[in-house]
Every structure is written in C-alpha cells, then in structure tokens.
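A short worksheet on the structure shown next.
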Amino acid sequence: MIDAHLPILLIVAPLVSAPLCVLLRQKTLVWAFAFVVCLASLGMASLLLVRVLQDGVISYALGGWIAPWGIEYRVDVVNAFVLLLVAIIAAALVVFALPSAADEIAAEQHYLFYAAYLLCFAGLMGIAITGDAFNVFVFLEISSLSSYALIALGRDRRALIASYQYLIMGTLGATFIVIGIGLMYMMTGTLNMADLSERLPAMFETRTAMVAFAFLSVGLAIKAAMFPLHAWLPNAYCYAPSVVTAFLAATATKVSIYAFLRFTFTVWGAEFVFERLNFDALLIPLSLVGIYAASLSAIYQTDVKRLLAYSSVAQIGYMMLGIGFVSVTGLTGGMVHLFNHAMMKAALFLAVGCVVLRVGSSKLADWKGMGRRMPITMAAFVLAGLSLIGVPLTVGFVSKWYLILAALEKGWWPIALLALLSSLLAVVYVWRVVEVAYFQRMDEPAPVKEAPWPMQVSMWVLTGATLYFGLQTDLTVRVAQRAAMGLLGVTP
Amino acid sequence: MTVGLFNYWACVVLMLIGLYTAIARPNLIKKLIGLGMFQVAVFLLYISMGKVSGGTPPILHTSGEAYSNPLPHVLILTAIVVGIATLSLGLALVVRIWEAYQTLEEDEIVERDHD
Amino acid sequence: MGEVHPALILLAGGLLLFALPTGPRRVVSVLLPVFGFLNLLAIPEGAMWQITWGGYEMVALRVDKLSLLFGYSFHLAAFIGAIYALHLKDRLQIGTGLIYAGSGVGAVFAGDLIALFVFWELLAITSVFLVWARGGERALRSGMRYLAMQIASGLLLLIGAVCCYLKTGSLSFDHIGLGATYHYLLLFAFGIKCAFPLLHNWLIDAYPESTPAGTVFLSAFTTKTAVYALARGFAGEEVLIYIGAVMTIFPIFYAAIENDMRRVLSYSMINQIGFMTVGIGLGGALGINGAVSHAFNDVIFKGLLFMSMGAILFRTGSIKASELGGLYKSMPWTCACCIVGASSISAIPLFSGFISKSMVIQGAADSGAVVLWLVLLFASAGVLHHAGIKIPFFAFFSHDAKIRCREAPLNMRVAMTISAVLCVVIGSYPPLLYDLLPHPVDYVPYTTTHVVLQLQLVFFAVLAFVVLMLTGNYPPELPCVNLDVDWVYRRALPAAVRGVVRTGGPIVDGFFAGGKALVQKLIAAIREQHNTEGLFGRAWLSQSNVLIAIIFLAIYLIYFF
Amino acid sequence: MNDSPKKNEAVRRLVLGFVACCVSLLLLDLIVHRHLSFAEGLLPVEGWFGFYAVYGFVSPYALIVIGSIPLRKLIMRSEEYYDG
C-alpha cells in the first residue's frame, strides 16, 4: 500500500521534516532526525529506480485528481536517475555536515541550517519528480529560497552579498521560467507535461511558441549556471559553508539541467527545438566557449573553492555539449557526466571542507605542505581531481569517452579535438593545487592532523564512487543510455 | 489590434521598468523593488490571460454565462506567495548586509571587500 | 584463487604497501608476486573477464599461451625486483614498482583495446615515479620528457582504438595487420613504447636516471609489454623486419662509446628488442617463438645486468666507466653474477640468451633473407662487445680505480643470484621455457654444429676486443655525453628557432618577434581577463548579471526568429 | 695496463691461453660436420672454413674502428652539454 505512494512520500518526508527541525531545536537531535530522513529518502529513491527499471513509467495522481486536471508526479528512468543522485548526495553530505557545520556555522543557527537543508533537498526532489510545468516553478523556488539562506550562513560577510546576487539572478531566472510556462498555458490550456507535449506541435508555427521557449531556456540556463549566465555561481560557492557548497555544486545545477532536458526533449520535443529553431547551432559553440573561458578562469584563481566553482561552470559546458549533439551517445555522455560530475565535485569540495576545518581557509596560499599535513584528505583530492581531468579508470574518463564518441559519430572531429584539449586546462588547474599542496613547504611545520571520521567517511564514499563507477560503468551508463533513448523517443 | 492587446503591452512596459530599475540602481533595496515590479508584471500577464471578455467571475450560479478562467488566478496566488517569500528573504539579507557593511550601494560593498 | 584478475593482486597489493609500516611492507612486497603467480597458475586458459562498459562488453581478461608467458615473466621480474628493493625504506619505489608491474600484467592480459589502453597509460604514470624517485632536477626533467612520450603513445593508442571502433564496430585486440590509417596509429603507439628507431630516445634518456632498484623494474615491463602488443597485433608484418634490423644495429655503435654503464645497458636493450621485433616481423612459429622467448630471457638477464650495475651505483655512488674499475676485489659476488648475465646476453651456449636468440637468427635463415641474417649475426657479435665484455670489464677489471667498498647488500645478492641461476638453468635445459611458448617448438638449439659455430663467433669477437685493447685502438672511456635523437628536441629545435630569429633578416625576424609578442600578448590577455581581477575571473555586479541575462534573451529571440 | 710487472705477466698468460682456445676452436671446424643454416645454395660462404670465426672477429673490429670512433668525433660533447 505504502508502495503506491512512494513518489509523494519522497517529497513530503523532507518537506514536512523541515519545520519539525525548527521545533526540535536541539543540535544533535536535529542532525539525527535529518540523517534519518535523508537515509529514508535514499531508500525510497533507490526503490523507485528499481521499480521504474522493472515496470516502466510510474504515474502518481496527487490527491486522487487524475491528470491533466490534477497535478501528476511522473517517474521514468530519467528522473528516477536524478532523484537517486540527489538522494545519494544528500545522505552522504548530511554525515559530513555534523562536524563541518558545527565548525563553520554559528551554534544557534544549526537547527535552521538543517531545516533549510531539508527544504532545499525537498525542492530539488520536487523539480525532478513532478510532471506538471507550474509545479516545477514552485519547487524551483522552494529549493532556491532555501539555498539563498544556506549560502548566507557562511562566515565571511561576502557570503551575504553573494547570496543577494544569487537571489537577484535566481528570481530573474525563475520569473523567466514562469513567463515561459504562462505562454505555454496560453497556447494550450494545460500545464501537464504529457498533455503539453501532445498539444504544442499544433502551435509550432506561432511566434508565441518561440518566445515561450526562449524565456524558458534562458531561465533554466541561469539556474544551471551556463556560461555566460554563470556569474552568480563562483561567489556563492566560494563563501557558502563547505557542506553547502558541496551540496549545491553536486545537485542544484544538475537538477536545473534535468529540468532543461525535460522541457527541451519531453515537452517541446527535439524536432521543434533542434530542427526548427536550430538550437544546437547556438548551444554547441556556447558550451565550447564556456568550457574554455571558465577553465582558463579556474587556472588563475587564488582560492581553491573558487577554482573548483569555475571548473563547475566548465563542466556544465560539457553536459550542454552532450545535449547539443542530439544523439543517443551524446545525451548518454551528458547524462553520465551529470551523475559523474556530481560525485567528483562533491568529493573535491568535501576535501576542501576537511582542509577548511583544520586550516580555516580555502586560499591556495594556505595550502602549502598540505600533502604532508593531511595526507588522506589530499589523496582523496588528487583522486577526485584525476577524475575531473578524465584520467582512465575514473568516472571522468567514461563521460569524456561518450562525448568524444558522440562528436566523432557526427564527424565533428574539431569539436572532439577541442573537448580533448580542454582536458589539458583541467590538468593545469588541478596541478596548481597539487603543486602547492605537495611541492611547496609550509612556512612553519604543523603536525599531521586529519579531519574527524564522519567527514572522512563521506568524502571517501564519494571518492570511492568516482573510482567504482569508473570501472563498473554498467549501472550509470546503462541507465543514462535508457534515459537518453527515452528522451529522444528511440525505442531500444 | 494594438488596442486589443493593450493589457499585454502594459505588462511589457511594467516588466521593462522593473528590469531597468534592477540594472540601473546600485542600491540593494531599489534593485529588489525593481525585481518586485518585474514579478508583478508577470502576475498581471497571467491574470489578464485568464480573463474572458464579458465573462463573470468564476462563481457557481445558475445562468450559463461565460466565466473567466480561474486556473491562472489560482496559480498566481501561489506565485504571489513565492514573491513575498523572495522579497522578505531579500530584505532580510539587506538588513544583514547593512549590519556588516554600513552601506547599501552594491559597488561600494564590492569595493570594501576588495583588498 | 584463479577467480581473481591477475593484475588485481599486484595493483591492490601495491596500493596496500603505501599504508604498511616498513617491516610488514617488506614481507608483503615479496609475497605479492608469489601470490600473483599462484593465482596465475590456477587461471584456466581462455577465461574471459567481461565488464559491461556502457553499451559494450569490455574484455578485461583474455588468457592464452602468449599472454600467460608474459604474465609469468612479469611476476618473476616483480619478485626479483621486490627482493632487490628490500633494503629500501622508501615506500614510493616499491609501491609504484609493484603497481607498475601489475599494470604490465594487466596489459598483457587485456582482451580489447580499451583495457589495453587503460593499462598502457597506467604503465606510463606509475613508472615515471621510479624515475622521479632518484630526486633532483635532472631526474625530474628526464622523467617529464619520458612521461610526455609515454602519454603520446597512449593517446595514439586511444585514437587508434576509437577509429577502430568506428570502422569495425569492435574493439577486440587480436591480429591487426597493416592496411587502414588507424593501423599505423596503433603501430606507432606500440612503436614508441617499443623504442623504435627515432622514437627510442625516452628509454636512453630516462632509464639511466632512475634509482638502482627503479631501473630494474623499468627494464622489465614497459618495452616487453610493447613487444607483446606487437606480437599480438602485428605478427608477420614485413616492415617490422626492417625496423628491427635497424634497432639491432644502431645502438651498438652508441654503446661502444657511452660512458654511463646503465646507458650502455639501455642501448643494448634496444638492440635486444630489435631481435624480438625481427622475430615478430618474420612471423611464423619460429619467429614468434624466438621473439617471445627472447623477451622472457631478456627480462631476466637484462634485469640481472641492471641489478649488478645498480649495486655498484648503490655502493660507490658512480656508474661511469671512466671512474670505475677493479671492483672485482670488493664485490666478487656481484662480479660473478654480472658475468653470468653478460654471458647470457652474449648468447654463449649453456646460458639463456643462446636458446632464444638463435631461434630468431635461424628464422631469418629459413626465410632465405641473406642480408638480414648477416646483419643479425653482425649485431650478435656487436652486442657481445658492449654488453658482454664492456660492462663487466670496465666495471670490475680494467685499470684499478682504487675504489674500495663493501659487497652489495644481502638482498641484492640474493636477487642477483636467483636471476643468475635462472639464466643458467633455462640455458642448460631449454624445454623448461620451450614448453611455455605459444607455438609448439621443434627447434633444437644444442647441435654440435651450432654450439661450435656460436663459440667461434663469440671467442673471435672477444679476440677482436683483446686485439683492440692491446693495440690501444679501443675508444678510451671518457666522461662525455653523446648526442642522440634527443638532441633534436633538446638542442636543435630551440637553437633553430633562436637562429632563425637572430639571423633570418628583418622580415623573418619581425615575423617571429611579432609572433612571439603576439603569443605573449595573448597569454597576458588571458591572464588579465581570467585572473581574480579580470573580466572572467572576478565577481560581476548583479546589474551586469541581469543585463547579460536580458541581452542573452534578446539573442535567443532574434536567433529563433 | 702497466700496474706491475707481475700483473703484466699474468695478463700475458691469460691472453695467450685465450688465443690458444680460439685456435683450437677454429681447428674444430675441420672435424665437425657442418649443417648449414640456409637452404642449400643461398649462402655458400657460410660453409667455408672459419667463416664464423672471421665474421666474429671482423664485425666488432670494424664496428669500433670504422663505426664508433668516427661517430664519437661527431657526437661526443662534454658532460655539461645539456645543462648549459
């Protein structure tokens, strides 16, 4: 019985737990509660993926109102995959948060932190699960509002201004999305995605359709931090508490890309977006420019968090590139990279979090001799960094492989070459950190002191995942491939 | 034609005023006001699209007259709530920023952190 | 056992070594190759370990006689190397050494090009640490040059693999042959690692810069993996005969005048690989058998020679022929082992080189290639000169350099003794090795004719050396550097660029200066735009963010319109 | 090789013994029945008396005298060549 209500439970559990956190107030109690909720969500999300892989699409009518009148939650391989990803990250990070948040966030704000964390989690899951266009906006705002609050919890006063700038951009993006959705409703009279996809083709010739898609895609591009709409991201990531940075880097932009995929492929359809509007001719150059510009910026950063933030912008370029290929291989590459990048970027930011806990700074200059001082943490950083570069045996290689294969499939070898060359830039910025950490002596020797074990555990779980999924690509690639086929409407 | 679409033109003008304010004013509160205007313009867009000319309010009564589409109005109710939340969060941030920097001009704030 | 992928024990165990304290680390480092070997014995032939890698099945393990032979050889080398390195407190060398060995094992058991590529790159990345372990600027730079070549090889392999997949839809690693363009990419990829002429310089450059133990590991795996790959993919390709013949000849000229003893051995290594390459090029049962059996023996005797030179370096701190001599008094045991190794590489009957090299030479005769046969015989006499005589003679005898040091440490002596015994045992009882070869062997090395003729060849070559020495015509050992292909990229290219800039007239000058200035400007511009103060690197004000969003929207609208 | 007269004497004997070995090996050629490596007619030289001995002596001698020594003139540089 409870089985049938899995989709809604997945959203309601964290959503309802958030205010409960505020009521509980006591620090450890709140943490334990949040931990249980995240674990339960992880369980439900994995169950959902298994069910979807077995039985196909699950449709859940909210409150018993049948779609298209009521709101429908619709789970297929694509979003089951994203849901699982978000749940894994949330569960791993809540463990990390126990010592890390205790260090970086004022004690009287802890319960608020966990409340906002759960709210953000609920919002992201909501975006992924819903089959209703307007609902996407609502959940988007739930996650965004809570993430503004999460970022503002950072110790540095610059966190406030970063959060404010993100708020302006986020709201602008969300409002663009509302405009897009409103225009779609105006044309078709429905908000249900499945319904929209049936009725929109009749409107393809109209100018309204074009405008609606333009608003939607720009709005989502802002939320996904696609170059050049990424400017809110570096500061937000840099000054937020470490655990928040890791969480947002691994999930928020990824979910936005999911929403972009959903609107582009399921609602509008590849035929309209890519054949009529030629969107790919815009997307591919933009993503390539983004990859290079952001990677170059990453090279010159003096703060490790900012460096990684710019690298995130570059990595989003790779995902967009995969989407731009509009082929099963390309989309598979994009989707796999979405998953893989979440793993490795979370692992990297967690390693930074460990260092911040012990050293109190993520400035590159303070990382001298870190290889000796925190060898275990730096080992994780290097491994995840190798993954970022795309070294074989790591997940990064798997996604790059598919992207390059997709480019070659189309015969676009210059793009394949450019994508390959851009890895060199990743080598440079990862090397900058490694060089400082391993080859520069610290000014005054400090004893070896690692971060507490909960942080180590969650960091290594994610680092291990980057290695495991690099070898055992069965799960990720197969699911991504099915998802890609589903999005393109190709029957396997 | 132009007159028939008057309500939409009004929305567009409001939107542009809001956006212009957000861009042109370095003051953090004025930016929020601009953003608020922009959002409200979008709300108006929704509401006016639900209006059926000559229709009555969508309240159940016996005569079979045309009535306005209630769904956009309901949606905008949600959006208004979201807008209020955004605005209040933004203002709360502005209060904290004022406490930290003693100024509300964005360029000055960035200048102060620049070292 | 038998269920574990053979590379896994060495790879995982090597990682484990980093975590262990010194005592247990020493024990485990020696036990690991033993366990690996036992596991290898239990693996059934033809077993496949398939990993679904995305849409397609990756064959991570393919076992047949060819890969097994190399697998045995690599485990043996890892075992001997681990014993040789026992005295070290440095966990980096032994750890990376065994992971490096594991990568080699993985590569020879790889069933398809992607698995091969993965281990191929792993070989490069792990081995460079053995060069860097020596420490110092020289080793660092040499290691960098080495790594660049190795990575280039890996990239060629990857591109070749992708092309292969797109062309044929399959990635399986079987006979490739030459035909399509991507076949040449693969040949080049293998060729770099195999030290083909003009691509060989990384070997001469890096191996002598490594630590004593590091060079022992290095000598065993990288080039032999390449030989395996050639034997698997390009058996019977005629072009390999010519390449191999050149490889047997040109290094011996260099070796005779080289001062660094380990560099002499590196040149002789290329010479030996030349014999293997010729064997592979000849193809057929005899050629392939000769090539791979010679590879097997080379791992042992070349390792032995590198070990003895490493022991000298370890004890005296020098490895230059001009500074050594007369060490037989101080290091008699090392001297004896070195002579056994030298006898093996010189293919003296009863030593291992004899039973494998002669197969290749006979293969050349069977195919009727007269010139090739003469060349190989020439190279065979030449190798005797540098590796067989020069190495032991200048290190242990010659004029006494008055260096008095202790004999090599016990563990080094044990390792060298094991290798020396193996050289003699395999040389005296060939079926031990012949039974392991991929093709059935009907070749009989020990015929009266063959033994007598080989002895004649060897003795008269030594006689030539004696005559040269007594008449004072042998090139004296001088401290020097000899130019090789690396001169092109270490000296000629930079000098050419400088020269052109300096003398090329105002136009060229201006062009280059302009180009240089342009590049400098470009880099400066990138830095300026992307550093924390620059346009792309700094935080933007929210007003510009909003403006960009709107401009972007406008662009979309105009574009879609 | 002029460390001491005693040692010189030892070296002289060693060389003499070695030369004796070489000569006896050469003479074995007369006794042993040779199997040629090549199929008949391809390289008849191979069957001649002392072919291997001569080839074994000449090739390294030539290698040094006309190979390595001129090569050395061409390519030898000081040890610091690349460091400068």
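Taking the protein heavy atoms of the protein assembly as shown in the context of the full set of protein chains, the accessible area attributed to carbon and sulfur is 69 percent at 1.4 Å. Averaged over peptide C:376-382, the number of partner chain Cβ atoms lying within 10 Å of each residue's Cβ comes to 5. Helix A:328-359 axis versus longest C-alpha principal axis of chain A: approximately 30°, rounded to the nearest ten. Ordered from highest to lowest accessible area with the whole protein assembly present and a 1.4 Å probe, A:HIS337, C:HIS450 read as C:HIS450, A:HIS337.
Selection among A:LEU321, C:LEU286, D:ILE69 by position relative to the dipole of the protein assembly as shown gives D:ILE69 as farthest towards the positive end (Cβ unit charges, Cα centre). Compared with its chain on its own, the range D:45-64 contains the following residues whose accessible area drops by 10 Å² or more in the full protein assembly (probe 1.4 Å; ligands, DNA and RNA excluded): D:PHE51, D:TYR52, D:ALA53, D:TYR55, D:GLY56, D:PHE57, D:SER59, D:PRO60, D:TYR61, D:LEU63, D:ILE64.
For the range C:235-482, would you read off the P(r) tail past 27 Å as a percentage of all alpha carbon pairs?
Working: 10114 of 30628 pairs.
Percentage above 27 Å: 33.
For C:LEU61, the amide hydrogen comes within under 5 Å of the amide hydrogens of C:TRP49, C:GLY111, counting only partners 5 or more places away or on other chains and with H modelled in the peptide plane. The residues of the protein assembly as shown have, on average, 37 Å² of accessible surface per residue, using a 1.4 Å probe with all protein chains present. The magnitude of the dipole of the range C:235-482, with charges of +1 and -1 set on the Cβ of Lys/Arg and Asp/Glu and taken from the Cα centre, is near 900 debye.
Charge tally around C:LEU92: other residues with Cβ under 13 Å, Lys/Arg +1 each, Asp/Glu -1 each, net +3. Once the Cα atoms are used to define both axes, helix C:332-345 deviates from the longest principal axis of chain C by about 80 degrees. Restricting the calculation to Cα atoms, every distinct pair contributes to the Kirkwood radius of the range A:86-181, found to be 14.3 Å.
Of the residues A:ARG358, B:ARG25, C:ARG141, ranked by 1.4 Å probe accessible area with the largest first, the sequence reads C:ARG141, B:ARG25, A:ARG358. Per-residue ellipticity at 222 nm computed for chain A from its helices equals -24500 deg cm²/dmol, with DSSP H segments shorter than 4 residues left out and the rest contributing -39,500 (n - 2.57). One Cα centroid belongs to the range D:24-84, the other to the range A:375-431; the line between them spans 52 Å. Taking all protein chains together and rolling a 1.4 Å probe, B:SER68 ends up with roughly 10 Å² accessible.
Zone of A:ARG25 (label point 7 Å along Cα→Cβ, backbone N under 19 Å): which residues in the range A:102-134? Correct set: A:106-116.
Within the assembled protein chains, the solvent-accessible surface assigned to A:ASP280 is about 40 Å², based on a 1.4 Å probe.
Sequence gap at least 6, Cα distance under 8 Å: using those rules, report the relative contact order of the range C:235-482 to the nearest whole percent. Before the final figure, lay out each step's value.
Details: 414 pairs, mean separation 67.5, N = 248.
Value for the range C:235-482: 27 percent.
Explain nothing, just the number: relative contact order of chain C, from Cα pairs under 8 Å at least 6 residues apart, as a whole percent.
On the way: 907 pairs, mean separation 69.3, N = 561.
The normalised contact order for chain C reaches 12 percent.
The tail of the calculated P(r) for chain A beyond 38 Å holds 19 percent of all Cα-Cα pairs.
For the range C:422-457, a drop of 10 Å² or more in accessible area on going from the chain alone to the assembled protein chains (1.4 Å probe) is found at C:THR448, C:THR449, C:VAL452, C:LEU453, C:LEU455, C:GLN456, C:LEU457.
Chains A and C together bury roughly 4100 Å² of accessible area, counting both sides, with a 1.4 Å probe on protein heavy atoms only. With a 1.4 Å probe on protein heavy atoms only, tell me which residues of the range A:287-327 lose at least 10 Å² of accessible surface in the complex relative to the chain by itself. Output list: A:ALA293, A:LEU296, A:SER297, A:TYR300, A:GLN301, A:THR302, A:ARG306, A:TYR310.
Paramagnetic label reach from A:LEU418 (point 7 Å along Cα→Cβ; backbone nitrogen cut-off under 15 Å): within the range A:372-407, residues A:404, A:407. Kirkwood's formula applied to the C-alpha pairs of chain C gives a hydrodynamic radius of 25.2 angstrom.
Loop-resident trypsin sites (Lys or Arg not before Pro) (DSSP state other than H, G, I, E or B) in the range A:405-473 with no more than 12 further Cβ atoms inside 10 Å of their Cβ: A:ARG441, A:LYS449.
Normalising by the residue count of the range C:247-348, find the relative contact order in percent from Cα pairs under 8 Å and 6+ residues apart. Working shown, then result.
Working: 93 pairs, mean separation 25.7, N = 102.
Averaging sequence separation for qualifying contacts and normalising by length gives 25 percent for the range C:247-348.
Toward the positive end of the charge dipole of the protein assembly as shown, with +1 on the Cβ of Lys and Arg and -1 on the Cβ of Asp and Glu, the farthest Cα among A:VAL479, C:LEU92, C:GLY274 is that of C:LEU92. Only protein heavy atoms count here, probed at 1.4 Å, and on that basis chains C and D bury about 4900 Å² of accessible area in total. Taking only the alpha carbons of the range A:279-492, we obtain Rg and Dmax values of 17.9, 63 Å in that order. Round to a whole angstrom and tell me the spacing of the C-alpha centers of the range B:78-106 and the range C:178-244. Centre-to-centre (Cα) distance: 66 Å.
Can you tell me how the range D:5-75 classifies by the Cα gyration tensor, rounded, prolate or oblate, using a/c under 1.5 as the rounded cut? All intermediate terms of the calculation are to be shown ahead of the outcome.
Numbers: a/c = 5.25, a/b = 1.23, b/c = 4.25.
In terms of gyration-tensor shape, oblate.
Report the one residue of C:GLY81, A:TYR117, A:LEU98 whose Cα lies farthest in the direction of the positive end of the charge dipole of the protein assembly as shown (charges on C-beta: Lys and Arg +1, Asp and Glu -1; origin at the Cα centre). Farthest along the dipole direction, towards plus: C:GLY81.
Summed over both chains, the contact between A and B buries some 2900 Å² of accessible surface at a probe radius of 1.4 Å.
With all projection directions averaged, the alpha carbon convex hull of the protein assembly as shown covers 55.9 nm². For C:GLY325, the amide hydrogen comes within under 5 Å of the amide hydrogens of C:ALA401, counting only partners 5 or more places away or on other chains and with H modelled in the peptide plane.
Taking a quarter of the surface of the convex hull around the Cα atoms of the range C:18-141, what do you get in nm²? Can you show the working numbers first?
Values: hull surface 35.6 nm².
For the range C:18-141, averaging the hull's shadow over all directions gives 8.9 nm².
Rounding to the nearest 10 and keeping the result within 0 to 90°, find how far the Cα-based axis of helix A:158-188 lies from the longest principal axis of chain A. The two axes meet at around 10 degrees. Across all directions, the shadow cast by the convex hull of the range A:126-249 built on its C-alpha atoms averages 7.5 square nanometres.
The values are calculated or read from the model by the stated rules, or taken from the named source; none is laboratory data. Only a predicted model underlies this, so the values are computations on that prediction, with no experimental measurement involved. Ideal geometry is used to build each Cβ from the backbone, glycine not excepted, and the neighbour counts take in all protein chains shown. Please note that ligands, DNA and RNA were not included when accessible areas were found on the heavy atoms of the full protein model with its side chains. Shrake-Rupley method; radii C 1.70, N 1.55, O 1.52, S 1.80 Å.
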